[in-house]
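A.B. asks: The structure's right below; bear with me while I get my questions together.
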2 protein chains.
Amino acid sequence: MTSIKSIGYNVEIGKNSLKQLSKFISKSNYSAFYIMADENTNEYCMPILLKHAPQLANANVFEIESGESNKVLEVASNIWQTLLESNADKNALLINLGGGMISDLGGFIASVYKRGIDFINVPTSLLAMADASVGGKNGIDFGGIKNSIGTITQPKAVFVYTEFIETLPKQQVYNGMAEVYKMGLIADKKYWQLLSLTDFTDNMEQVIAHSIYLKNQIVKLDPFDKKQRKALNFGHSIGHAIEALSLGSKDELLHGEAIIIGMIMEAHISYQKKLLTKSQLDEILNTFFDIFEPVQLKIKNNNDILSLIKNDKKNAKGKSLFTLLHGIGKCRVDAEVTEKEIVNAINYYTKLKAWAS
Amino acid sequence: MTSIKSIGYNVEIGKNSLKQLSKFISKSNYSAFYIMADENTNEYCMPILLKHAPQLANANVFEIESGESNKVLEVASNIWQTLLESNADKNALLINLGGGMISDLGGFIASVYKRGIDFINVPTSLLAMADASVGGKNGIDFGGIKNSIGTITQPKAVFVYTEFIETLPKQQVYNGMAEVYKMGLIADKKYWQLLSLTDFTDNMEQVIAHSIYLKNQIVKLDPFDKKQRKALNFGHSIGHAIEALSLGSKDELLHGEAIIIGMIMEAHISYQKKLLTKSQLDEILNTFFDIFEPVQLKIKNNNDILSLIKNDKKNAKGKSLFTLLHGIGKCRVDAEVTEKEIVNAINYYTKLKAWAS
């Protein structure tokens, strides 16, 4: 059982975390409880939650259809309407029981309802446990842009019940690990080495706890994403573009798959800028291809990727600003990257020997 | 020229404030400027703003139809769409040029666009200058409830150009003064006495500056409205209910008119609870009736008012919690008030001698 202090709240990790949640509820003074879940977490995780926290048996449940396409204003608007109709006051608590989609949507709904009610996160996917449920970023997709409307509002507590991972398909577990490896690359060389050499499924709780610890250290320095927090963007400038292009196609990528490709390409840009050696670049590539199924990328036209990268919200004044690695375990934010460097990185990836076999 | 420090930003008050705005723009590093106005402020105030801050000549202008009925999600949604289409990035600045409706709507739009872009307020009504433009509360009306969706997000600066008041009809000026008198009653006995004895139109700048100063002192203690800030609710528990009931009727009340009635009734409840003497209650009534046109109230059924008060977002756990005066210039928040005390106060007001003449 691990407990990590964040910005005014605790993250409780491990088998006893749902008992901690039950204690949190008992000590609290909320006027009403609302739980947001999707059809899967409502079926598989809700009974476990209620077993540990029976005080929630009469909570109001919002079941949202799973899938990013429901993280939109219309769904938020329906929930606000229902909250008003059930007379939810400023002292109500919203509990987000689900993956990143649920905590993004629920966090946004709570952060603006009556100018902000309290919410807590109970992440059920590895990605949400290790990454999305801490740090306070929330949002909905609007106008075709991911998280273009949202706030940065911290939860009142996060309860990471790692046993939920056993309810997940293996592919989803691996998908979540991309952000965990990223934490090692940008902030902790020893952790990266450990993740490279050992089987992470043997000690999920410690692996997740350390990832949250590292992310929390960064978020505390810069909650509003002005400087140090941008470290977390490593792999995401190209990764997000690749993910967006794949959406709806028959080769649709999972977030983790896209981010691994993004990290390899952005590591190559770091190498082009002499921030990484060739052997460090090789180490990163080999580790990823060892642990994750290598994903070949079919790119018809580099311009589609380049144009998405240009419109990224991380940019400023028309310049493409990336987070690059500076050796393994360290990074540099706001590094200006040229189109040529991006094209070189795409070519590096698409012409890897791995695809020849 | 007065400058007041608030939570991380300055409020500049007086004839030179728009020059200060121009300086603020020149020193800043924003990627684009957007101005939100209504048809009136776009016609009468925009030319004055642009004269003082010619750098804004090419700013994008959103003209919103005036009136509270446009402070809604559909309008916010259209603006977000337009911001996205014009590629507004996280370094864009939104300038709210208008009364409380514009700063409420614009503040909310800015506080969630790309998880928050900077905004500044240029209030054009007395009410917005003395009250709404500082403190960071914003919001839209949703599900028929005022400000039920919103955030508390501080602006980057507020510029109070008191000359704009000259563009306003007299009734609107008086409407705005209700909140100014309230500041005296809850926080500053000498200011209340000054406002009672002198003609405030003779020295608008000082009167507004002191009202902002007092409000700012309270907001700084409690930005998120947990305790001390509730002092600002004096007159609003009953006042909001009366205002809501009048909306759309032929006797529709201005916000200031409703709040003055609310303050008189809530002063009477303070008197019932022995927190005010009879002579203090008389002083409050006589001052208001001296300076503002007394407004007679036609109430068909007390239950309409009582039921709205019951559903007020300021309540907790089914109890009606008011802010009451404790002598003049001091107040007590979260005072529990009974139905009988509210009915007594309504009867006191509706049976005043003033209506007999």
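The values are calculated or read from the model by the stated rules, or taken from the named source; none is laboratory data. Computed from a predicted structure; not experimentally measured. Virtual Cβ from ideal backbone geometry, glycine too; neighbours counted across all protein chains shown.
A.B. asks: Taking the residues in region A:137-161 that are polar (S, T, N, Q) and either in contact with a Phe, Trp or Tyr (Cβ under 7 Å, 6 or more places away or on another chain) or surrounded by 20 or more Cβ atoms within 10 Å (Cβ to Cβ) (or both) as candidates, determine which candidate is farthest from the other protein chains (Cβ to nearest Cβ). Step through it out loud before you land on a result.
C.D. replies: Initially, region A:137-161 is screened for residues polar (S, T, N, Q), giving A:138, A:147-148, A:151, A:153-154.
Checking which are either in contact with a Phe, Trp or Tyr (Cβ under 7 Å, 6 or more places away or on another chain) or surrounded by 20 or more Cβ atoms within 10 Å (Cβ to Cβ) (or both) leaves us with A:138, A:148, A:151, A:154.
On the way: A:138: 8, A:148: 6, A:151: 6, A:154: 12 Å.
Filtering region A:137-161 for residues that are polar (S, T, N, Q) and either in contact with a Phe, Trp or Tyr (Cβ under 7 Å, 6 or more places away or on another chain) or surrounded by 20 or more Cβ atoms within 10 Å (Cβ to Cβ) (or both), the one farthest from the other protein chains (Cβ to nearest Cβ) comes out as A:154.
A.B. asks: Another one. If you check every pair at least six apart or on different chains, which have Cβ atoms under 6 Å apart with a residue in region A:250-275 that is assigned by TED's automatic domain parsing to the domain that holds residue A:295 and in a helix (DSSP H, G or I) first and a residue that is hydroxyl-bearing (Ser, Thr, Tyr) and surrounded by fewer than 19 Cβ atoms within 10 Å (Cβ to Cβ) second?
C.D. replies: A:268/A:348
A.B. asks: Of (1) out of contact with any Lys or Arg (no Cβ under 7 Å at 6 or more places or on another chain); (2) crowded, with 24+ Cβ neighbours inside 10 Å; (3) under 19 Å from residue A:14 (Cα atoms), residue A:186 satisfies all except one. Which?
C.D. replies: Against the list (1) out of contact with any Lys or Arg (no Cβ under 7 Å at 6 or more places or on another chain); (2) crowded, with 24+ Cβ neighbours inside 10 Å; (3) under 19 Å from residue A:14 (Cα atoms), residue A:186 comes up short only on (3).
A.B. asks: If you go through region B:211-228 one residue at a time, how many are surrounded by 21 or more Cβ atoms within 10 Å (Cβ to Cβ) and basic (Lys, Arg)?
C.D. replies: Of the residues in region B:211-228, 1 are surrounded by 21 or more Cβ atoms within 10 Å (Cβ to Cβ) and basic (Lys, Arg).
A.B. asks: Hey, can you tell me all the residues within region B:74-105 that are within 14 Å of another protein chain (Cβ to nearest Cβ) and in contact with an Asp or Glu (Cβ under 6 Å, 6 or more places away or on another chain)?
C.D. replies: B:93
A.B. asks: Here's a check for you: in region A:106-122, which residue that is touching a residue at least 40 places away in the same chain (Cβ under 8 Å) and away from chain B (no Cβ under 14 Å) is farthest from residue A:21 (Cα to Cα)? Give the steps one after another, and end with the answer.
C.D. replies: The initial filter retains those residues of region A:106-122 that are touching a residue at least 40 places away in the same chain (Cβ under 8 Å), namely A:106-111, A:118, A:120, A:122.
Those still in the list that are away from chain B (no Cβ under 14 Å) too: A:106, A:120, A:122.
Details: A:106: 18, A:120: 9, A:122: 9 Å.
If we take residues in region A:106-122 being touching a residue at least 40 places away in the same chain (Cβ under 8 Å) and away from chain B (no Cβ under 14 Å), then A:106 is farthest from residue A:21 (Cα to Cα).
Let's see how each residue does on (1) out of contact with any Asp or Glu (no Cβ under 6 Å at 6 or more places or on another chain); (2) within 17 Å of residue B:98 (Cβ to Cβ); (3) not assigned by TED's automatic domain parsing to the domain that holds residue B:76:
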position	(1), (2), (3)
B:126	yes, yes, no
B:134	yes, yes, no
B:148	yes, no, no
B:151	yes, no, no
B:175	yes, yes, yes
B:180	yes, no, yes
B:186	yes, no, yes
B:193	yes, no, yes
B:196	yes, no, yes
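A.B. asks: Residues of region B:249-299 being surrounded by 15 or more Cβ atoms within 10 Å (Cβ to Cβ) and among the polar types (S, T, N, Q), which ones?
C.D. replies: B:270, B:272, B:280, B:287
A.B. asks: Okay, moving on. Give region B:33-55 a look and list any residue that's among the acidic types (Asp, Glu) and either touching a residue at least 12 places away in the same chain (Cβ under 8 Å) or within 13 Å of residue B:17 (Cα to Cα) (or both), or say none. Give the derivation first.
C.D. replies: Residues of region B:33-55 among the acidic types (Asp, Glu): B:38-39, B:43.
Result: B:38, B:39.
A.B. asks: Across region A:217-231, what is the total count of residues that are within 14 Å of chain B (Cβ to nearest Cβ) and at negative phi?
C.D. replies: Final tally of qualifying residues: 8.
A.B. asks: While we're on this one: Only one of these is over 24 Å from residue B:106 (Cα atoms), β-branched (Val, Ile, Thr), away from chain A (no Cβ under 14 Å) and assigned to a helix (DSSP H, G or I): B:207, B:173, B:180. Name it. Before the answer, list the steps.
C.D. replies: Details: B:173 fails: over 24 Å from residue B:106 (Cα atoms); B:180 fails: over 24 Å from residue B:106 (Cα atoms).
Sole residue among the options that is over 24 Å from residue B:106 (Cα atoms), β-branched (Val, Ile, Thr), away from chain A (no Cβ under 14 Å) and assigned to a helix (DSSP H, G or I): B:207.
A.B. asks: Among the residues of region B:51-73, is any within 11 Å of chain A (Cβ to nearest Cβ), assigned to a loop (DSSP other than H, G, I, E, B) and among the charged types (D, E, K, R)?
C.D. replies: Scanning region B:51-73, I find no residue that is within 11 Å of chain A (Cβ to nearest Cβ), assigned to a loop (DSSP other than H, G, I, E, B) and among the charged types (D, E, K, R), so the answer is no.
A.B. asks: Hey, could you check region A:1-50 for residues that are among the small types (Gly, Ala, Ser) and assigned to a helix (DSSP H, G or I) and say which is nearest to the other protein chains (Cβ to nearest Cβ)? Quick ask: steps written out before the conclusion?
C.D. replies: Pass one, region A:1-50, residues among the small types (Gly, Ala, Ser): A:3, A:6, A:8, A:14, A:17, A:22, A:26, A:28, A:31-32, A:37.
Narrowing the set further to residues that are assigned to a helix (DSSP H, G or I) leaves A:17, A:22, A:26.
Details: A:17: 27, A:22: 22, A:26: 17 Å.
Selected residue: A:26.
A.B. asks: Can I ask one more? When you look at residue B:110, is it touching a Pro at 6+ places or on another chain (Cβ under 9 Å) and not in a loop (DSSP other than H, G, I, E, B), yes or no?
C.D. replies: Numbers: touching a Pro at 6+ places or on another chain (Cβ under 9 Å): yes; not in a loop (DSSP other than H, G, I, E, B): yes.
When the stated conditions are applied, residue B:110 passes them.
A.B. asks: Which of the following residues is part of a helix (DSSP H, G or I), touching a residue at least 24 places away in the same chain (Cβ under 8 Å) and either within 22 Å of residue A:132 (Cβ to Cβ) or within 21 Å of the chain's Cα centre (by Cα) (or both): A:306, A:232?
C.D. replies: Values: A:306 fails: either within 22 Å of residue A:132 (Cβ to Cβ) or within 21 Å of the chain's Cα centre (by Cα) (or both).
When all the criteria are applied, what remains is A:232.
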